[in-house]
Amino acid sequence: MFLGRLADDHGFDYGTIPLDIERRDHRQVLWEELACCGVSASVCAPLHTDPQRFVREWFAEQFEIQGVFHGLEHDHPAFCARVDAQISVPARAEELRATVERGHRQLSEAIRRAGGPPLPAADLLAMWRDYRETQLGSARLAAG
């Protein structure tokens, strides 16, 4: 969605692991991954009999793999706290919002060019709040 082309593993350079969230370019990787989580969840949710459950489960599944890129694959609570801390900084929350908007716009334009319908909005911050409030991620990891 963000590369504008197909690439193995989204064109990610695994040599950059662990990503340093204080670096804007590394943070942008996380924002783009979260944007893909949110946009794909909102686009696919209407196709399911329980859209809210789909969004929760899909978002959790996609988000929970992100810790590995930050060296926190074995410390999910620390990774969630890191994301919370970033989102609590207004300028960084704006980076995330703008990234989601850009991804949604790019996907919407591609689908429109192919004759598809308008896409539903993706409120990633609402998905994040729901994820944190329901603690779906923590419960899934504990059960796993």
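The values are calculated or read from the model by the stated rules, or taken from the named source; none is laboratory data. Quick caveat: nothing in here was measured; it's all calculated off a predicted structure. Quick reminder, even Gly has a Cβ in these numbers, built from the backbone with ideal geometry, and neighbours come from all protein chains shown.
Against the list (1) part of a helix (DSSP H, G or I); (2) out of contact with any helix residue (DSSP H, G or I) (no Cβ under 8 Å at 6 or more places or on another chain); (3) farther than 25 Å from L19 by Cα; (4) without any contact (Cβ under 8 Å) to a residue 60 or more places away in the chain, the condition P46 fails is (4). Among the candidates L107, L96, the residue that is touching a residue at least 40 places away in the same chain (Cβ under 8 Å) and either more than 23 Å from P18 (Cα to Cα) or in contact with a His (Cβ under 9 Å, 6 or more places away or on another chain) (or both) is uniquely L107. Restricted to the stretch 53-65, and to residues that are surrounded by fewer than 19 Cβ atoms within 10 Å (Cβ to Cβ) and not aromatic (F, W, Y), which residue is nearest to the chain's Cα centre (by Cα)? Once the filter is applied, the top-ranked residue is Q62.
Among the residues of the stretch 1-52, the one identified as surrounded by fewer than 16 Cβ atoms within 10 Å (Cβ to Cβ), modelled with pLDDT of 70 or more, farther than 21 Å from P118 by Cα and aliphatic (A, V, I, L, M) is I17. Screening P117, P90 for residues that are farther than 18 Å from R24 by Cα and loosely packed, with under 12 Cβ neighbours inside 10 Å leaves exactly one candidate, P117. Count of the stretch 57-82 residues, restricted to those that are under 13 Å from S40 (Cβ atoms), of a type in the set (D, E, K, R) and in contact (Cβ under 8 Å) with a residue 40 or more places away in the chain, is 1.
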